[in-house]
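See structure below.
The values are calculated or read from the model by the stated rules, or taken from the named source; none is laboratory data. Treat the numbers as computed from the prediction; the structure is a model and nothing was measured. Cβ atoms come from the backbone with ideal geometry, glycine included; neighbour counts cover every protein chain shown. Accessible surface is based on the protein model in full, side chains and every heavy atom, while ligands, DNA and RNA are left aside. Shrake-Rupley method; radii C 1.70, N 1.55, O 1.52, S 1.80 Å.
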Amino acid sequence: MCFLRKVFVGASLALSVGMLGGCSDSATDAEGRTLPILGERETVEREANGQTVVDTVYHQVPDFAFTDQDSQQVTQQTVAGKIYVTDFFFTSCPSICPKMKSQMLRVYEEYKDNPDVLLLSHSIDPEHDTVAVLKDFAERLGVTAAKWHFLTGEKDRIYDMANNYLVAAQEDGQADGGFTHGGHFILVDGHRRIRGVYDGTEETSVNQLIQDIPLLLNENKHAKK
């Protein structure tokens, strides 16, 4: 695990997303609270009106294509301009996944009527978690694919996506269920930039996530004006 990922994972478990610091493009509420843009960044110089302008290029989740529980393709176009929360799990997980899903249900219930918020859950055991298995899983939770997409696809691509979300997921014969993954919920803005990492097994951390989503909704609203 790279140094940056250790920083963000450790920070999420400590419920200290705000302590990671802000930046000029961060969302701000009436109390002045901000959400940082997480991940590596670089500065790029360009010419504009005869002057040199320095832009900051932030880490962005790359293009993707997976299949959800309704056999529909879910891509970057699905989430374009929307706020979304994502995580990594598997349906036969005997440890933290049930707790994670009960907490994600809270996010679902809070924002199920808001079309600008989506949930994406990636299975890290796609050989077992077929479309049919994910469909049954979603139905037992009582959720719809229009709001909460349970995704399957090629294993390597799913693991690569976990890396891009700054969290870990891998096969591990010594772990319960045969896989190791964090219980993190990742908050992503309308530009596919990571704005928060939360402990999806802890109610207090998910409370913070629920409170942070309106910051990005407000940011999106102002950006469209």
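Assorted remarks:
- Only listed residue being closer than 21 Å to Thr78 by Cβ and without any contact (Cβ under 8 Å) to a residue 60 or more places away in the chain, chosen from His122, His149, His128, His191: His122
- Those strands (runs of 3 or more DSSP E) of segment 67-168 that lie entirely within it include none in which at least 3 residues are modelled with pLDDT under 95 and open to solvent by 20 Å² or more (accessible area, probe 1.4 Å).
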